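The block underneath contains the structure these notes are about, expressed in structure tokens.
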Amino acid sequence: MKRIGILSLRGGAGATTVTANLAQAFVHMQKNVLAVDAVPANVLRLHLGLPLPSVAGWAGHMCANTDWQSAGFESPHGVTFLPFGQLSSQNARQFEANRSHYLAEIIDALGRVDLGDNQDHWQLIHLASSDLMRLEDDALASLFDVVLVVLTPDAASYSVLQDVADIQATINRAAVTAKVRYVLNQYQPETEISRDFMLVMKNELGADLSPVLLHRDIALMDSVANLTTVQSFAPTSQAAKDYQSLAFWCISQLSALQLVS
């Protein structure tokens, strides 16, 4: 089993979109995929076809100590999915106060599920931006094979990237160090500013930045409006090709990390 954590460096960088479409790309490669939304906004469901009125999710079951597996859902295109769900105010406060504990508990529980076959299983965990700081906890970091940090080629992401330098110094002492990789999203090669920030980030992040650039593509906005992924809505689009390339890159990265470890 392979497990990837995916989070945005800052709000709006696109970790939700990346999680949904990367999961779908793995399905197209005949992988068995489970996507888990660990963000209270509960938006990942909109990319995977979950009916809008549905408010159930694994987080509420965790707070109530009931069966979280009943919150499972399979998208029309083969992605098994655990939505975060909608919490009451009391449960939301309870969850946030114990977020690291609940994250570790659900991931540990997923690791103990009897898969019952020899298929290639992948888990994609959609994390909150604030979870980057929590990953300095070696126990939590050890639950992931790789963590993808999504950022955009603009001044806002670059500023945040500088602000997390102190956090990086802490993470450098943790088990997550070698696991963090960066993915550039919403790239617009036709604009000078996007090209310039891409080059600056490539220079600063080096080999930790994925060579696969995720282009800004109207097909992505159209697909989520139709409650599906871009591979299903526009399979010949630039975005669909980008996510297929990203899936291949993730496989190669995990293979390389396993060789190092």
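Numbers at a glance
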| read-out | value |
| --- | --- |
| Segment 171-199, residues that are assigned to a helix (DSSP H, G or I) and at pLDDT below 95 | ILE171, THR177, ALA178, LYS179 |
| Residue selected from segment 177-203 under the condition of a type in the set (Val, Ile, Thr) and without any contact (Cβ under 8 Å) to a residue 24 or more places away in the chain, by the criterion nearest to CYS250 (Cα to Cα) | THR177 |
| Any hit, segment 141-155, residues being farther than 17 Å from GLY12 by Cα, in a helix (DSSP H, G or I) and modelled with pLDDT under 80 | no |
| Search result, residues across segment 41-72 that are of a type in the set (A, V, I, L, M, F, W, C), touching a helix residue (DSSP H, G or I) at 6+ places or on another chain (Cβ under 9 Å) and farther than 23 Å from ALA240 by Cβ | ALA41, LEU52, ALA56, TRP58, ALA59, MET62, CYS63, ALA64, TRP68, ALA71 |
| Evaluation of HIS61 against (1) in contact with a Lys or Arg (Cβ under 6 Å, 6 or more places away or on another chain); (2) buried (at least 18 other Cβ atoms within 10 Å of the Cβ) (one fails), failing number | (1) |
| Subset of segment 55-71 (residues that are in contact with a Gly (Cβ under 7 Å, 6 or more places away or on another chain), over 11 Å from LEU82 (Cα atoms) and in a loop (DSSP other than H, G, I, E, B)) | VAL55 |
| Residue tally, condition in a strand (DSSP E or B), out of contact with any Gly (no Cβ under 7 Å at 6 or more places or on another chain) and surrounded by 21 or more Cβ atoms within 10 Å (Cβ to Cβ), over segment 120-140 | 4 |
| Top-ranked residue in segment 200-222 [being modelled with pLDDT under 95 and of a type in the set (Gly, Ala, Ser); ranked as most open to solvent (accessible area, probe 1.4 Å)] | ALA207 |
| Of all residues in segment 10-32 being surrounded by fewer than 23 Cβ atoms within 10 Å (Cβ to Cβ) and outside any helix (DSSP H, G or I), the one that is nearest to the chain's Cα centre (by Cα) | GLY14 |
| Subset tally (residues that are open to solvent by less than 60 Å² (accessible area, probe 1.4 Å) and part of a helix (DSSP H, G or I)) for segment 74-93 | 2 |
| Which listed residue is at pLDDT 90 or above and open to solvent by 40 Å² or more (accessible area, probe 1.4 Å), from ALA38, ALA97 | ALA97 |
| Per-region count, segment 86-115, residues within 19 Å of SER130 (Cα to Cα) and in contact with a strand residue (DSSP E or B) (Cβ under 9 Å, 6 or more places away or on another chain) | 3 |
| When residues of segment 223-261 are limited to those that are hydroxyl-bearing (Ser, Thr, Tyr) and under 17 Å from the mean Cα position of the chain (by Cα), the one surrounded by the fewest Cβ atoms within 10 Å (Cβ to Cβ) | SER245 |
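The values are calculated or read from the model by the stated rules, or taken from the named source; none is laboratory data. Predicted model only: the values in this text are computed from it and were never measured. Please note: Cβ atoms are built from the backbone with ideal geometry, for glycine as well, and neighbour counts cover all protein chains shown. In case anyone asks, the SASA skips ligands and DNA or RNA and just uses the protein heavy atoms, side chains included. Shrake-Rupley method; radii C 1.70, N 1.55, O 1.52, S 1.80 Å.
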